[in-house]
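S.K.: Below is a structure I'd like to ask you about.
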Amino acid sequence: MGNRCHERRETLSSFRCHLGSRFDEFMTVPCFVWRQFKNLVGNIFFVATSDEVQYKFHVKKGSSKTRVFGSGYQKFLHDYDLKVGDYIMLDFDNAPELFGIFAEDSDGIEKHRVEEIPTAVVHTKGVMLTTAQTLKKQQLLHERGLGIGVVFVHTLTNTDLKGNGLRIPKEVVRSLNIFESGEACFFVDDYGYRPKGAYYTTTGGRLKFDSCWSEFAKEYNFEAGNVVLILFNLGDSGGINVSVDII
């Protein structure tokens, strides 16, 4: 009949999650604790490290599986340089208000947060952020993580919004270290509209997109004059995920 997972009868104070091949997309809560866990959380929950850094994780509950995902989860993976075979430990001491979280390598040795190297920010010519926009940018960077390459701050123009007019400058493209073409997916948040399409590099070294950009811009009612924060992350099959937020 194969191996079956038996739920623990006792109430656990903590549990470990092994990071499998798709850990960069989601983490599956072990079956022996999934009922106790899902009874404590809603669609989101908050975790805190030993040095009091907090992250917001999203939850997808199933009839037999519960998965943890989201930009906060991915930032934690990035901050602790987690890989396949590593572990994440969650404890219930202050749950459900706040879960404790620890990272361990494949040998069970605790991993510590990697110190961030300041990431360059590229602004298109003429962009001057207000104090409120600067604070919004910092908040988004904290929530989403730094992604790959530089941070791109841009004022949308009428040309950007006509068809597939958005062009990513070559100094940004060089920092991404990606293939010349591939799949692209735009998003604003973990639950919103996420059109998929393709990107390609022009002969001038800029990055352009197919109809996925125009569909995305139309869905979120972007307008000329909007100042946006654009971040890049690696997607599936060598593609890229692109988050675009108005600041």
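The values are calculated or read from the model by the stated rules, or taken from the named source; none is laboratory data. All of these numbers come straight from a predicted model, not from anything done at the bench. Cβ sites come from the backbone with ideal geometry, for glycine too, and all protein chains shown count toward neighbours. Surface accessibility is based on the protein's heavy atoms, side chains included, excluding ligands, DNA and RNA. Shrake-Rupley method; radii C 1.70, N 1.55, O 1.52, S 1.80 Å.
S.K.: If you go through the range 128-153 one residue at a time, how many are over 16 Å from Leu176 (Cα atoms) and open to solvent by 20 Å² or more (accessible area, probe 1.4 Å)?
M.R.: Residues flagged as over 16 Å from Leu176 (Cα atoms) and open to solvent by 20 Å² or more (accessible area, probe 1.4 Å) within the range 128-153 amount to 16.
S.K.: Okay, moving on. I'd like to verify a number: residues in the range 154-169 that are open to solvent by 40 Å² or more (accessible area, probe 1.4 Å) and charged (D, E, K, R), how many?
M.R.: 2
S.K.: Wholly within the range 103-204, which helices (runs of 4 or more DSSP H) include no fewer than the required count, namely at least 2 residues that are out of contact with any strand residue (DSSP E or B) (no Cβ under 9 Å at 6 or more places or on another chain) and under 30 Å from Thr49 (Cα atoms)?
M.R.: 131-144
S.K.: For the range 31-49, enumerate the residues that are over 22 Å from the mean Cα position of the chain (by Cα) and either open to solvent by 80 Å² or more (accessible area, probe 1.4 Å) or farther than 18 Å from Pro96 by Cβ (or both).
M.R.: Selection gives Cys31, Phe32, Arg35, Asn39.
Conditions (1) in contact with an Asp or Glu (Cβ under 6 Å, 6 or more places away or on another chain); (2) of a type in the set (A, V, I, L, M, F, W, C), marked per residue:
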residue	(1), (2)
His18	no, no
Glu25	no, no
Cys31	no, yes
Gly42	no, no
Thr49	no, no
His58	yes, no
Tyr73	no, no
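S.K.: Filter the range 159-173 down to the residues that are among the charged types (D, E, K, R) and without any contact (Cβ under 8 Å) to a residue 24 or more places away in the chain and list them by number.
M.R.: Result: Lys162, single match.
S.K.: Then there's this: Mind telling me which of the residues Asp24, Asp79, Asp105 ends up being open to solvent by less than 30 Å² (accessible area, probe 1.4 Å) and under 24 Å from Ile148 (Cα atoms)?
M.R.: Asp79
S.K.: Tell me which residues, restricted to the range 215-234, are free of Cβ contacts under 8 Å to residues at least 60 places away in the same chain and surrounded by fewer than 19 Cβ atoms within 10 Å (Cβ to Cβ).
M.R.: Selection gives Glu215, Lys218, Glu219, Tyr220, Asn221.
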